[in-house]
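The values are calculated or read from the model by the stated rules, or taken from the named source; none is laboratory data. All values derive from a computational prediction rather than experimental measurement. Don't worry about glycine lacking a Cβ; one is built from the backbone with ideal geometry, like all the others, and counts go over all protein chains shown.
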């Protein structure tokens with residue numbers, strides 16, 4: 001893959017992600033990237049559905065959020081902002097002035 005085609009692919013992925021669509025990933029792209037990562041011989045199964053895998057991962061993330069986070073509190077913060085009386089953690093680089 002040339003630098004130009006890699007840039008074009010990344011641009012396409014970013015544009016698709018920004019529009020809410022799934023990133024365009026092909027079996028050929030995964031094989032190429034696995035080879036670049038030193039995993040020669042990697043082949044994507046013919047019946048792999050990238051859209052189904054993405055949906056399954058999003059479902060799992062939703063289940064974990066629902067099970068482990070106080071979603072009512074999150075909805076309140078999103079709708080009304082954080083309580084102004086809460087402590088604030090500030091950070092800065094050493095030697096810099098805020």
Sole exception among (1) at pLDDT 85 or above; (2) part of a loop (DSSP other than H, G, I, E, B) for residue 93, by number: (1)
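Every residue, every condition in (1) surrounded by 10 or more Cβ atoms within 10 Å (Cβ to Cβ); (2) under 26 Å from the mean Cα position of the chain (by Cα), yes or no:
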| residue | (1), (2) |
| --- | --- |
| 46 | no, yes |
| 62 | yes, yes |
| 68 | no, yes |
| 79 | no, yes |
| 84 | no, no |
| 87 | no, no |
| 92 | no, no |
Take region 22-44 and flag every residue that is part of a helix (DSSP H, G or I) and surrounded by 12 or more Cβ atoms within 10 Å (Cβ to Cβ). 27, 29, 30, 31, 32, 33, 34, 35
Has region 17-32 got any residue that is within 23 Å of the chain's Cα centre (by Cα) and modelled with pLDDT of 85 or more? yes
